[in-house]
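Here's the structure, in structure tokens; my notes come after.
The values are calculated or read from the model by the stated rules, or taken from the named source; none is laboratory data. Remember, predicted model here, so these are calculated numbers, not experimental data. Neighbour counts run over all protein chains shown; Cβ positions are idealised from the backbone, glycine included.
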There are 2 protein chains.
Amino acid sequence: MSWDEFGLIADHFRPLSLGEPGAFALTDDAAVLSAAPGRDWVVTADALVAGVHFLADDPPGLIAAKALRVNLSDLAAMGAAPRAVLMTCALPETLDRAWLAAFAKGLGEDLQAFGVVLAGGDVVATPGPLCLSITAIGEAEGGRVLRRNGVRAGDILAVTGTIGDAAFGLDAQGPEAPPELDAPSRDFLIGRYRLPCPRIAAGRILNGLAHAALDVSDGLFADIRHLAETSCVDIVVDPARVPLSDAARAWLALRPADRERIFTGGDDYELVFSCAPEDFADIAARLDAEGVRATAIGRAETGQGRLYRVDSGERKPVEGAGGHRHGGENGREG
Amino acid sequence: MSWDEFGLIADHFRPLSLGEPGAFALTDDAAVLSAAPGRDWVVTADALVAGVHFLADDPPGLIAAKALRVNLSDLAAMGAAPRAVLMTCALPETLDRAWLAAFAKGLGEDLQAFGVVLAGGDVVATPGPLCLSITAIGEAEGGRVLRRNGVRAGDILAVTGTIGDAAFGLDAQGPEAPPELDAPSRDFLIGRYRLPCPRIAAGRILNGLAHAALDVSDGLFADIRHLAETSCVDIVVDPARVPLSDAARAWLALRPADRERIFTGGDDYELVFSCAPEDFADIAARLDAEGVRATAIGRAETGQGRLYRVDSGERKPVEGAGGHRHGGENGREG
């Protein structure tokens, strides 16, 4: 790609910043964001690499939206209200202006959908694959956030939505896909992988009602283990209660051996949370009013950070992280 | 590189977060930063790619420090006090633990030197070159920042430090280096390229006294043009007054034809600022007390965003951006 980066930014990215006067239309060295009294800032950053976190020939608008959404999902898991993002793009020379226009269009539509503005960033060239990094900035009342380490013995453990769709959605694009799978189920699963829905409204409801939360990105069991470890409790999960979509059920009917992918696959970006048993019905009703289903899948016990599963009444420790690696090595810092 | 990313983060990056309780030791989905009353936030992000912005075999600690410093330089140019950074690293599989340990050590030492903590980020694998992205977060009293668009007709235009060192420092590592150049000059120039010094104290002094500022990253003339364009004034620069280091003079004594590199090379990360003529002596004295030399190199006139140079009394427009491209395409958003 041979372009004038300043022109590119003016054409494609400047319009995405116009909701925030302090972004100075992306013409300055940095942006200024005023802090509302009593509100603290919640910040997170994630990187995505072509061929590792998405497919290089995925539609550019979807790549942009996914990069945004995985970051907003981290804010959702903390119960924060998203406000602005900064994005750096390392772009291969092979990309053309049409690709970039579609990328910026998808980003802009998604930013608008979530009420977030682009406050800054950087565009550079790379001889390697497309590499995106987004920092998401949210706000929380008086610094009150949903931490991972708040699970208490006796808590119910629950998830939003359905689990495992994204893992099958990834597989559905490769040679592992069962050819008999009906097209609507296949499309649904691929959509869940390509375009996760950050549970922002759910996170804000849970903030103050739930004891702990995180988003399912590394894999259900790996992520629940993070809750158990940081909270110093044992968690017991009933795999039979993990909620599945109709499409995931259709996949499993054809491929029963893939059942464990539900628990080890990642990228669903649903929330796992814990709460007092007496609060669960109220929380579930409030989430339901936002169109989000909550399903209890286990409980926490006094312990030392271990994860157990109960299959047909038999309790077994879950060994190893069982974590999804996005096709490569992957981890999360903050 | 085959590693456990969570272990890697715990070993190498967690210690860098411990100055900020709201970073939760990098164990949560996001960090919480409390806002001091009356202070707004200044945010900026830059990406650096191996082979484009630094050499892949540069010492890892220096790569980390440079990535940090180019971001802190953007905060300096706004007159903000740096507080925290988030960093995402896309790491090639070929890097080993020793490389990463040295990288984290260099980052940690530099974070400490600038009083900044690591508040979060992400570590992912890439089949391509090392790609780093840093978001820097600073604070400014009541949102008062140094903008680019504040140059007024009649202002003096000045720079901190010396200009052109980084361009020669880049050249000094390639076949263009004059073999007769003395080793101390060569080392000085390479050091200026590899490890820029963000002018944070200078920026904070200038904030409120100067009318506008930015940092010299794309090239002196290209950056001054940004000031002229965003401020809608003409700027006239006297190239003979641009301050040079002894090492840059030594280079030019051997290679007089390289003189234009002073004005078109980038990466010096000095500040260019404008101020009222009657304020310059006071500003220069305050900067001098911090060990920073300020040199007047031009003036602003009523106009329409053009840049002129005066050589031997003859005024000529400077055509084209004359911008440095870090060996590749590059630009800056925010």
* State whether the residues of region A:229-250 include one that is among the acidic types (Asp, Glu) and within 20 Å of the chain's Cα centre (by Cα). => no
* Identify all residues within region A:280-311 that are surrounded by 15 or more Cβ atoms within 10 Å (Cβ to Cβ), charged (D, E, K, R) and part of a strand (DSSP E or B); write none if there are none. => A:ARG299, A:GLU301, A:ARG309
* Structure fact -> Those residues of region B:148-181 which are farther than 30 Å from B:VAL233 by Cα, part of a loop (DSSP other than H, G, I, E, B) and not hydrophobic (A, V, I, L, M, F, W, C) amount to B:GLN173, B:GLY174, B:PRO175, B:GLU176, B:PRO178, B:PRO179, B:GLU180
* Which residue pairs have Cβ atoms under 6 Å apart, sit 6 or more places apart or on different chains, and have a first residue in region B:272-285 that is farther than 11 Å from B:ALA158 by Cβ and a second that is at pLDDT 95 or above? -> none
* Restrict the check to region A:50-69 and report whether at least one residue is within 9 Å of chain B (Cβ to nearest Cβ) and touching a Phe, Trp or Tyr at 6+ places or on another chain (Cβ under 6 Å). => no
* Within the set of pairs 6+ apart or on separate chains, which have a first residue in region A:33-46 that is outside the structural domain of A:LEU86 (by TED's automatic domain parsing) and of a type in the set (A, V, I, L, M), a second that is at pLDDT 90 or above and crowded, with 20+ Cβ neighbours inside 10 Å, and C-beta atoms under 7 Å apart? -> none
* Structure fact -> When (1) touching a helix residue (DSSP H, G or I) at 6+ places or on another chain (Cβ under 6 Å); (2) facing chain B (nearest Cβ under 9 Å); (3) not hydroxyl-bearing (Ser, Thr, Tyr) are applied to A:MET87, the one that fails is (1)
* Among the residues of region A:25-40 satisfying the criterion of being within 7 Å of chain B (Cβ to nearest Cβ) and over 17 Å from B:GLU139 (Cβ atoms), which is surrounded by the most Cβ atoms within 10 Å (Cβ to Cβ)? -> A:LEU26
* Residue in region A:105-119 that is nearest to the other protein chains (Cβ to nearest Cβ), counting only those that are over 27 Å from A:ASN207 (Cβ atoms) and in contact with a Leu (Cβ under 7 Å, 6 or more places away or on another chain) -> A:GLY108
* Asked: Residues of region B:133-182 being of a type in the set (D, E, K, R) and either surrounded by 24 or more Cβ atoms within 10 Å (Cβ to Cβ) or within 14 Å of another protein chain (Cβ to nearest Cβ) (or both), which ones?
  -> B:GLU139, B:GLU141, B:ARG144, B:ARG147, B:ARG148, B:ASP155, B:ASP165
* Asked: Of the residues that make up region A:9-20, is at least one without any contact (Cβ under 8 Å) to a residue 40 or more places away in the chain, at the interface with chain B (Cβ under 8 Å from one of its Cβ atoms) and in a helix (DSSP H, G or I)?
  -> no
* Asked: Any chance region A:196-212 includes a residue that's of a type in the set (Gly, Ala, Ser), away from chain B (no Cβ under 14 Å), over 17 Å from the mean Cα position of the chain (by Cα) and farther than 30 Å from A:PHE6 by Cα?
  -> yes
* Asked: Going by the conditions given, is B:ARG192 part of a helix (DSSP H, G or I) and without any contact (Cβ under 8 Å) to a residue 40 or more places away in the chain?
  -> no
